[in-house]
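Notes follow the structure.
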Amino acid sequence: MNSNCKEFVRFIIEEAPKHNKATVEDAANRKYHFIKDRKVYHNQYFAVRFSYSKSSSESFSNTVLSLSALEKYDKIPFFVVLVRQAADNLILLANTTFLKKISHSSQELSLTNIKGSFNGSDIMREYGGTLNSPGNFDYLFAIHQGLDWEDNLTRLVDATSNIKGTTQKFVPSQTEEQNIFDSVRRAEEFVLSPYYDVLTNDLNERCNKCRNEILVASHIENTNIRGRLIESLITSDDEQRQFLIDNLKDLENALPSYDTKNGLGDYHVEYKDADTYTDIKTKVIYLNSNPKAYNVDKFLKQMADSRSVFMFFFIGIDEKDIFNTLLCSVYHNKLIDNTLLQFHWAGRSSRGVAQFNGSAIDEMLKSISFVNEIDKNKAKDFIQRLLDR
């Protein structure tokens, strides 16, 4: 989170008035000059909803906000401040990643019909063993940034009472399971083949065609827009790329539409012995982030194809330039060691998602020489762990 968010959290804990909701809201608004949207106060850095309880307890059942309203602010930190009559102010992160379910008027909730509201009791007090408290907000929001709205919506639909999830875990046949384990051999062979250099050169050439625009896009705070724009700049044909370059000032309208429910990777190329799926990840090394790696079920389903190879193209950006790029196998030892599997987060009908520890990617990008190191046994143990979920 940026310094503006941290300053607000410090203000609420250390300086803001206590015990009276209206007084706290007024003091915060005078200090931060918020825009008010019904019950939400917001600026370009974060959004906040104030709530009140007569109790000193950290639990509260008040209705906080509708899910449709939260969608507007879910790409920036969304705080809930509980002003307590008999205790100090409490502040929680309440982005969709940290909601257990949707409680109120949610019977019509679906992936295409955003209905219902969440209560204070629906906000997770810990996430994967990490407390939802100010000292952990940086870490928690970095996790949230690596997840898509669609990921969280699918989970909430599945988790909400009387709502049946629309997705199902991928259950491979015996042949498909053999193909999944064999994807480790395919990865090893591909990174040692001439086609690895062909794909690396192709992606680097595409990157160089829009180098300046990638640098401009890297300063966009909205990680979703930033990532989608850079992926589009690289994977588009020359005409589409020029259209995006000409429309950098109108980012959301310029971006192509994506079907986020299907497919693995951003760039698909078929070679003689392999069908490659490459996910493009921009890593701004001065920003703390744990980027999403993949949806586990989508990954397993694609690896069940006997020709599939999955790669990541990491673009390292510092304050001045694109300083390095890497084409890396999903089974690289360091990636496996730094893959965060969000199993506890997943709904009943999903294996969840994988995220990368962003600092590990920074280290790989800064390394003097890069080699795709793949340990077969480690990779197969990792696959088994995914399948067993």
> Do the conditions hold for Ser59, that is, is it small (Gly, Ala, Ser), more than 27 Å from Ala354 (Cα to Cα), out of contact with any strand residue (DSSP E or B) (no Cβ under 6 Å at 6 or more places or on another chain) and open to solvent by 70 Å² or more (accessible area, probe 1.4 Å)?
Replying inline: yes
> How many residues are open to solvent by less than 70 Å² (accessible area, probe 1.4 Å) and touching a residue at least 60 places away in the same chain (Cβ under 8 Å) if we restrict to segment 21-44?
Replying inline: 2
> Within the set of pairs 6+ apart or on separate chains, which have a first residue in segment 366-386 that is at positive phi, a second that is open to solvent by less than 90 Å² (accessible area, probe 1.4 Å), and C-beta atoms under 7 Å apart?
Replying inline: none
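Just a yes or no: is a residue in segment 11-25 under 30 Å from Leu153 (Cα atoms) and assigned to a loop (DSSP other than H, G, I, E, B)? Can you show your working first?
First pass over segment 11-25, keeping only residues under 30 Å from Leu153 (Cα atoms): 12, 25.
Checking the rest, the ones that are also assigned to a loop (DSSP other than H, G, I, E, B) come to none.
Among the residues of segment 11-25, not one is under 30 Å from Leu153 (Cα atoms) and assigned to a loop (DSSP other than H, G, I, E, B), which makes the answer no.
When residues of segment 204-217 are filtered for being open to solvent by less than 30 Å² (accessible area, probe 1.4 Å) and either over 23 Å from the mean Cα position of the chain (by Cα) or under 21 Å from Ile143 (Cβ atoms) (or both), how many remain? Explain how you work it out, then say what you get.
Filtering segment 204-217 down to residues open to solvent by less than 30 Å² (accessible area, probe 1.4 Å) leaves 207, 210, 214, 217.
From the residues that got through so far, the ones that are either over 23 Å from the mean Cα position of the chain (by Cα) or under 21 Å from Ile143 (Cβ atoms) (or both) too are 210.
Residues in segment 204-217 being open to solvent by less than 30 Å² (accessible area, probe 1.4 Å) and either over 23 Å from the mean Cα position of the chain (by Cα) or under 21 Å from Ile143 (Cβ atoms) (or both): 1 in total.
Take segment 281-295 and flag every residue that is aliphatic (A, V, I, L, M) and within 13 Å of Phe356 (Cα to Cα).
We begin by selecting, within segment 281-295, every residue aliphatic (A, V, I, L, M); these are 284-285, 287, 293.
Hit for segment 281-295 is Ala293, nothing else.
May I ask you to list the residues in segment 299-344 that are in a loop (DSSP other than H, G, I, E, B), more than 18 Å from Gly358 (Cβ to Cβ) and under 19 Å from the mean Cα position of the chain (by Cα)?
Filtering segment 299-344 for residues in a loop (DSSP other than H, G, I, E, B) gives 304-307, 318-321, 330-331, 338, 342-344.
When the remaining residues are screened for being more than 18 Å from Gly358 (Cβ to Cβ), the result is 304-307, 320-321, 331, 343-344.
Those that are in a loop (DSSP other than H, G, I, E, B), more than 18 Å from Gly358 (Cβ to Cβ) and under 19 Å from the mean Cα position of the chain (by Cα): Phe343, His344.
Test Tyr277 against the criterion of being within 18 Å of Ala379 (Cβ to Cβ) and open to solvent by 10 Å² or more (accessible area, probe 1.4 Å), and give yes or no.
On the way: within 18 Å of Ala379 (Cβ to Cβ): yes; open to solvent by 10 Å² or more (accessible area, probe 1.4 Å): yes.
Taking the combined requirement at face value, the residue satisfies it.
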>> On the basis of being open to solvent by less than 50 Å² (accessible area, probe 1.4 Å) and within 20 Å of Glu14 (Cβ to Cβ), does Ala87 make the cut?
In response: yes
> Pick from Leu326, Leu300, Leu341: which is buried (at least 22 other Cβ atoms within 10 Å of the Cβ) and in contact with a helix residue (DSSP H, G or I) (Cβ under 9 Å, 6 or more places away or on another chain)?
Replying inline: Leu300
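The values are calculated or read from the model by the stated rules, or taken from the named source; none is laboratory data. Please read all numbers here as calculations on a predicted model, not as lab measurements. Every residue, glycine among them, receives a Cβ derived from its backbone with ideal geometry; neighbour counts consider all protein chains shown. Protein only, heavy atoms only, side chains kept; ligands, DNA and RNA dropped before computing areas. Shrake-Rupley method; radii C 1.70, N 1.55, O 1.52, S 1.80 Å.
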